[in-house]
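The values are calculated or read from the model by the stated rules, or taken from the named source; none is laboratory data. On a predicted model such as this, the values are computed, not experimentally measured, just so you know. Glycine also receives a Cβ, built like all others from the backbone with ideal geometry; neighbour counts cover every protein chain displayed.
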């Protein structure tokens, strides 16, 4: 067992666990986007950042890829972590403002402005689909291409790939292109509807009718407060 | 070995080769043959001398006479006067700026006088394609010592005691890296030489690879013995054809001579090397990305730990060091850790190679002891700024380094003080800027480079560099907003904090350091829509100063869009609607009669 400290708490991790896995085991919530339990960690979205170390020599690392180490000191929600996390959400929202996952995250972390021009790309290059296709579907039909702004996910030479069985797993796992934000101003880069949530079902039924368990998750009942 | 009366050492580094040094060599050989001197005089092609500004260069030994800026036409005269009649030609010698008398001897030239050559000790001295010449200058002596007299432990102890730190930029202690890898039980282990030098304006690795490839080979064999590696890879950019060719020759020669391969020097030690050609991505210089590239994958960095020393190439323990680091190793083993300790500062030992480029008189490659001040490098060795202009800033550490202003000229060059000042050692690129340089434009240039070279894995780096570049581009086009500076600072800081690898973690530096030292220039661009240096084309217009214009027509001839009117001996004027602001007229004018002014047409909103 590996023993280290997380948010002042002494935690024990199995050999081979990441910091994120340990946090999950202890019920400490760290937001993630490009992480999925069934896939190898990628460390691209930088939402699961945590601050490690002590004193002046601390740094931010992605908890999904950072291995649990003996004597490590981890803070999951420091000032620096939140500042970086908010900026990541803002940057990703400017890329794919239609993503409900990202819009919800913005409301949760209090991101109330997007200061960048919207790219409307509907892809944040998290690579979930690439790993899903390679690791779970055993197809390797899609992959990353190019770098910088030109980076994209596609089939080889952008042609219909014979490896692709049209299984749809890539679409299933995508956090951006499938589940759309249904909030009042979904056309703009930032919805923040969940912050001003006013469930319409209350008017009709005097009860929340959320089929996705917790209030507001489905996003259909959100309307602007008058 | 055959004795010669004189040696003509022709510089054959990439700089001089592109200036035609191979043609000079041919002409020299032809002329010498014509005068039947071939048994008395030998012509040798050497590695880069470093004084690239003055190429092609020929050094005549044993006199030590330094000839520069040679042309093929000069060759017959040179051979006749100097080699037959013994009269060195003053016309072809180096004349320092602001002086009239030429300096005949290499060792008296300011550029060479203050350098301390360790890694580049064989530059301009040996033919890099001949192993015999390397051996004649104590080559492979250190390797022999390491293989026959030393154990892995003593080699690592020696390197650790020397205080050598990685020359790739981060400055990680080499001894500690080796010790960590030697400790690993899993085999086989690998060595990698990182020759993926991608910084704009940096060419020290190329020069070492071209001038002294055997030094790198020797260093790697010593490293292999220390950690118990069986195989090494030399990773060189595809863009360095001459370096690739010379390393290839060096490896073949070392193998033929029993200095590489199986049973090296009859000691039973086996180690072999292979060249890997890089496909040209800046990020490949990052060690985990480079390892991915050697494995044949896309060059994308991954999380450390595990470090390459534990889990590197194909998941096996790997030591990866920079070209310069490997070339330093034989010197330490041969001359001892104490000798190396005596050079440099408390925390940074030895020497470092810098490439001196930009607005500087003596462009070239210099090797100086750590701890030397910036002033000594820029004004001492570099000879100051051309045309007597004013020094504004020096950009150190490549695209992710920082710009240091004139008030920091007395800063000693070592890892810690550079980082504290907001720059970094990096690979050692030094770009000097004069008062005609716009710092916002510089920040834009480096951000453009970084946003293009970001591998695109981390949101913070891919999007962060993109957005920073977009904001700075808008500022240079007069579209900047007051809130931009705060946003830039926030973005730069987050990019530094949140990114995975060295590229993203330093990508904020160009912005942070220019904002720290040159904030007023950003403010001038944003608030007044004015470019103080007169560079940002969207904010300026060129005008003819009537009191200075002599009506010589040279600007009119230079203008590509026929935007200049006026006839001989009449004051010219520029038609603003036709002007594309290329600055060709300003360059062509000999009377400084063309000025770039703030474009009054720009509205301040």
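Only one entry of B:61, B:68, B:42 meets the criterion of being farther than 29 Å from residue B:383 by Cα and in contact with a strand residue (DSSP E or B) (Cβ under 6 Å, 6 or more places away or on another chain), and that entry is B:42. One residue stands out among those in the range A:8-28 that are free of Cβ contacts under 8 Å to residues at least 40 places away in the same chain and under 18 Å from the mean Cα position of the chain (by Cα): the one that is nearest to residue A:49 (Cα to Cα), which is A:24. From (1) assigned to a helix (DSSP H, G or I); (2) touching a residue at least 60 places away in the same chain (Cβ under 8 Å); (3) away from every other protein chain (no Cβ under 14 Å), pick out the condition that doesn't hold for residue B:399. The failed condition is (3).
Of the helices (runs of 4 or more DSSP H) entirely within the range B:423-516, those holding at least 2 residues that are within 14 Å of chain A (Cβ to nearest Cβ) and under 23 Å from residue A:113 (Cα atoms) occupy B:459-476, B:484-498.
Quick check on residue B:305: is it under 30 Å from residue A:147 (Cβ atoms) and touching a helix residue (DSSP H, G or I) at 6+ places or on another chain (Cβ under 8 Å)? Criteria not met by residue B:305. Of all residues in the range B:236-263, those satisfying the criterion of being in a strand (DSSP E or B) and buried (at least 22 other Cβ atoms within 10 Å of the Cβ) are B:236, B:237.
Considering the range A:93-103, the residues that are in a helix (DSSP H, G or I) and either within 13 Å of another protein chain (Cβ to nearest Cβ) or surrounded by fewer than 24 Cβ atoms within 10 Å (Cβ to Cβ) (or both) include one that is modelled with the lowest pLDDT, namely A:100. Selection of the range A:40-57 for residues being more than 10 Å from chain B (Cβ to nearest Cβ) and free of Cβ contacts under 8 Å to residues at least 60 places away in the same chain yields A:48, A:50, A:52, A:53, A:54, A:55, A:56, A:57. Scanning the range A:107-148 for residues that are more than 14 Å from chain B (Cβ to nearest Cβ) and either part of a helix (DSSP H, G or I) or at pLDDT 90 or above (or both) gives A:107, A:108, A:129, A:132, A:133, A:135, A:136, A:137, A:138, A:139, A:141. Being without any contact (Cβ under 8 Å) to a residue 60 or more places away in the chain and in contact with a helix residue (DSSP H, G or I) (Cβ under 9 Å, 6 or more places away or on another chain) is a property that residue B:286 lacks.
Right, residue B:551: in a loop (DSSP other than H, G, I, E, B) and either closer than 22 Å to residue B:403 by Cα or within 14 Å of another protein chain (Cβ to nearest Cβ) (or both) or not? Taking the combined requirement at face value, the residue does not satisfy it. You will find that of B:439, B:370, the residue that is farther than 24 Å from residue B:11 by Cβ and without any contact (Cβ under 8 Å) to a residue 60 or more places away in the chain is B:370 and no other. Annotation for the range B:212-225: at least one member residue is at pLDDT 90 or above, touching a strand residue (DSSP E or B) at 6+ places or on another chain (Cβ under 9 Å), surrounded by fewer than 24 Cβ atoms within 10 Å (Cβ to Cβ) and assigned by TED's automatic domain parsing to the domain that holds residue B:158.
Of (1) buried (at least 24 other Cβ atoms within 10 Å of the Cβ); (2) over 19 Å from residue B:122 (Cα atoms); (3) touching a strand residue (DSSP E or B) at 6+ places or on another chain (Cβ under 7 Å), residue B:166 satisfies all except one. Which? (1) is the only condition that residue B:166 fails.
The number of residues in the range B:161-191 that are closer than 13 Å to residue B:226 by Cα and either in contact (Cβ under 8 Å) with a residue 40 or more places away in the chain or in a loop (DSSP other than H, G, I, E, B) (or both) comes to 10. Residues in the range A:63-80 that are crowded, with 21+ Cβ neighbours inside 10 Å, within 13 Å of another protein chain (Cβ to nearest Cβ) and either in contact with a helix residue (DSSP H, G or I) (Cβ under 7 Å, 6 or more places away or on another chain) or in a helix (DSSP H, G or I) (or both): A:63, A:64, A:66, A:68. The single condition among (1) surrounded by 23 or more Cβ atoms within 10 Å (Cβ to Cβ); (2) within 14 Å of chain A (Cβ to nearest Cβ) that residue B:290 does not meet is (2). Please pick out the residue among B:454, B:513, B:483 that is outside the structural domain of residue B:367 (by TED's automatic domain parsing) and surrounded by fewer than 19 Cβ atoms within 10 Å (Cβ to Cβ). Residue meeting the stated conditions: B:483.
For the range A:85-92, indicate whether the set of residues that are assigned to a helix (DSSP H, G or I), at pLDDT below 95, more than 18 Å from residue B:463 (Cβ to Cβ) and within 14 Å of chain B (Cβ to nearest Cβ) is non-empty. Looking for residues that are assigned to a helix (DSSP H, G or I), at pLDDT below 95, more than 18 Å from residue B:463 (Cβ to Cβ) and within 14 Å of chain B (Cβ to nearest Cβ), one finds none in the range A:85-92, hence no.
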